[in-house]
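Student: Just dropping this structure here.
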Amino acid sequence: MSDVPAPHGSLSERTSRAGAEALAGRRRGVRAFLPFAGPAIIASVAYMDPGNFATNIQAGASHGYMLLWVVLLANLVAMLFQGLSAKLGIVTGHSLAQLCRTHFPRRLVLAMWAVSEIGAMATDLAEFLGASIGLSLLFGLPLLLSLLLTGAAIYAVLAWQGDGFRLIEILIAGFVGVIGLCYLIELLIAPPDWASFAFHSVVPMLQGADSVTLAVGIVGATVMPHAIYLHSNLTSNRVPTATDADRKRVLGYSNHEVMLALGVAGLINMAMLAMAASMFHAGHAEIAEIETAYRTLIPLMGVGAAAVFMASLLASGFSSSVVGTMAGQAIMQDFVGFRIPIWLRRLITMAPAFVVVAMGVNATQALVLSQVVLSLVLPVPMIALLVLTNRADVMGAFVNRRLMKIGAIVAAGAVLTLNLLLLLEIVGLI
């Protein structure tokens, strides 16, 4: 994370110096861009977590390629809000949570912190369970043992955070590469109908109440609360900027990275849905769970295809759980200025998953419950981000322009409405 001191001469220090050289004009092209790449890659993991797997598989299996346009639209909205979060950190040198603490009443800040902590733990529950399910299915292990092994592996990764931000960024980028490669292999194993893929990516279409519910689920769960908080934390003071000209240039690099990283995440999500459409839609439209999809893949496409699918889920679960813990730590220290050892943070966020498994609660039901919690938490960072980026006393010359302001408000209103509809549908009120 951006405020973790890096050891002298470390990879992170060298990255910061390279960024300063780029701002001074001594680096050009890709060499100038690379020192600023990393924050959006980490944030993009939130859009490839196990919850996305479940939603996209169900959408592709039940409706074929029809909801690809929803995935594309949701990804564009995600780009907008992650871009705003990154801008806030770059321009102000502070994270979203830090600015909330500065500009909002203390009682409101404490309430926001409490709600956001609950959201971070709900996020980590889903991601930690997803990785453990993948490990359990791939190696035939009991789920409780998989939880222990997954927790140990994630803690080992987080321990590298003390070496600075760059090593974690490279590692997360590697996980994203594994997920992308796995889905490329899946598309080669079972090529989609590319004509239908292209058509449904741009032509909106819904058929029946179930497709509406799935569309709401795809969009409503897209903008993740912890990713909004974390992105601004990662970009604040990553490379110190002294002038508005420097900030403008860093912002340009950031916008390019957001489009690239979240563009890749969007393509992976579309590949998930297309894989489910090509493999399951014709004869297994009832598939709605990751476990069922894995077991169905074995007789349909062979053990190799199923193993590749599980490898992508493992990479997704590991990386998203690491990012979730990083976000939780950032939320705590930036809202209330309090920091706890990473091992204790990891222990606290793992506890709900162990309780769920030990009590025999269905893992899929636990994932659904986590989505309900996230739907309740999402308005907090989203509205705070819009309020702060629309304030000239916070953003100065970089305050949102009129067109951006209108677009962001409309997008936020649409996402929050869809989250409300999803929540009402989950609890059975509609």
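Please treat every number below as a calculation from the coordinates, not as lab data. On a predicted model such as this, the values are computed, not experimentally measured, just so you know. In this analysis, Cβ positions are derived from the backbone assuming ideal geometry, glycine residues included, and neighbour counts consider all displayed protein chains.
Student: Identify which of the listed values of mean projected area of the Cα convex hull in nm² was calculated from the structure shown: (1) 22.7; (2) 26.9; (3) 20.3.
Tutor: Recomputing mean projected area of the Cα convex hull in nm² here gives the entry labelled (3).
Student: Rank the residues 382, 112 as a footprinting-exposure proxy: fewest other Cβ atoms within 10 Å of their Cβ go first.
Tutor: Least to most surrounded, the residues fall as 112, 382.
Student: While we're looking at this one, here's another question. I'd like the Karplus ³J(HN,Hα) series for the stretch 167-175: coefficients 6.51, -1.76, 1.60, θ = phi - 60°, whole numbers in Hz, and an x wherever there's a Gly or Pro.
Tutor: 3J(HN,Hα) across the stretch 167-175, in whole Hz: 5, 5, 4, 5, 5, 4, 4, x, 4.
Student: Counting helices only, and only those DSSP H runs with n ≥ 4, report the 222 nm mean residue ellipticity of the chain as the sum of -39,500 (n - 2.57) divided by its residues, in deg cm²/dmol to the nearest 500. Could you put the intermediate results ahead of the total?
Tutor: Details: 20 runs with 335 residues, N = 430.
Using -39500 (n - 2.57) per qualifying helix, the result is -26000 deg cm²/dmol.
Student: Would you mind giving the average projected area, over all directions, of the Cα convex hull of the stretch 160-285 in nm² with one decimal?
Tutor: Spelled out: convex hull of the Cα atoms, projected over all directions, averaged, 10.9 nm².
Student: Another one. R0 = 60 Å: FRET efficiency of residue 201 with residue 13, Cβ-based, nearest 0.05?
Tutor: 0.90
Student: Kindly write out, for the stretch 177-188 in residue order, the coupling ³J(HN,Hα) from the Karplus curve 6.51 cos²θ - 1.76 cosθ + 1.60 (θ = phi - 60°), rounded to whole Hz, with x marking Gly and Pro.
Tutor: Once θ is set to phi - 60°, the couplings for the stretch 177-188 become x, 5, 4, x, 5, 4, 6, 5, 4, 4, 5, 6 Hz.
Student: Multiply the residue separation of residue 246 and residue 153 by 0.36 nm, subtract the distance between their alpha-carbon atoms, and state the gained length in nm to one decimal.
Tutor: Gain on stretching residue 246 to residue 153: 29.6 nm.
Student: Report the FRET efficiency, 1/(1 + (r/R0)^6), for residue 160 and residue 351, where r is their Cβ-Cβ distance and R0 is 35 Å, rounded to 0.05.
Tutor: Computed FRET efficiency for residue 160 and residue 351: 0.95.
Student: Another question about this same structure. Given all pairs of different Cα atoms, what value in angstroms does the Kirkwood hydrodynamic radius of the stretch 10-76 take? Don't skip to the answer; put the middle values down first.
Tutor: Numbers: mean 1/r = 0.0671 Å⁻¹.
Evaluated over the stretch 10-76, this radius sits at 14.9 Å.
Student: Oh, and also: Simple spin-label model, 7 Å along Cα-to-Cβ: residue 209 to residue 344 in nm?
Tutor: Each label point lies 7 Å from its Cα, and together they span 4.9 nm.
Student: Sticking with this one: Between residue 425 and residue 21, with labels modelled 7 Å along Cα→Cβ, what's the label distance in nm to one decimal, could you check?
Tutor: 5.2
Student: What dipole magnitude, in Debye to the nearest 20, does the chain give about its Cα centre under +1 on Lys/Arg Cβ and -1 on Asp/Glu Cβ?
Tutor: 1540
Student: Mind giving me the FRET efficiency for residue 403 and residue 34? R0 is 35 Å, r the Cβ-Cβ distance, nearest 0.05 is fine. The partial results should precede the final answer.
Tutor: Details: r = 31 Å, r/R0 = 0.88.
About 0.70, to the nearest 0.05.
Student: Using only Cα atoms, what is the ratio of the radius of gyration of the stretch 1-149 to 2.2 N^0.38 Å?
Tutor: The reported ratio for this selection is 1.37.
Student: Something else: If you average the alpha carbon positions of the stretch 327-341 and of the stretch 60-101, how far apart do those two centres end up, in angstrom?
Tutor: Using only Cα atoms, the two centres lie 22 Å from each other.
Student: How far is helix 11-23 tilted off the main Cα axis of the chain, in degrees rounded to 10, range 0 to 90?
Tutor: 60
Student: Sticking with this structure for a sec: Roughly how many whole Å is it from the C-alpha centroid of the stretch 132-207 to that of the stretch 230-263?
Tutor: Cα centroid to Cα centroid, the span is 26 Å.
Student: Can you sort 123, 417 by how many other beta carbons sit within 10 Å, fewest first?
Tutor: On the way: 123 30, 417 13.
If I rank by nearby Cβ atoms, fewest first, I get 417, 123.
Student: Here is a follow-up. Return the sequence-ordered ³J(HN,Hα) values of the stretch 206-218 in whole Hz as given by the Karplus equation 6.51 cos²θ - 1.76 cosθ + 1.60 applied to θ = phi - 60°, using x for Gly and Pro.
Tutor: Karplus-based 3J(HN,Hα) across the stretch 206-218 equals 9, 9, x, 5, 5, 5, 5, 4, 5, 4, 4, x, 5 Hz.
Student: Explain nothing, just the number: relative contact order of the chain, from Cα pairs under 8 Å at least 6 residues apart, as a whole percent. Write out the running numbers ahead of the final one.
Tutor: Values: 659 pairs, mean separation 154.9, N = 430.
For the chain, the relative contact order is 36 percent.
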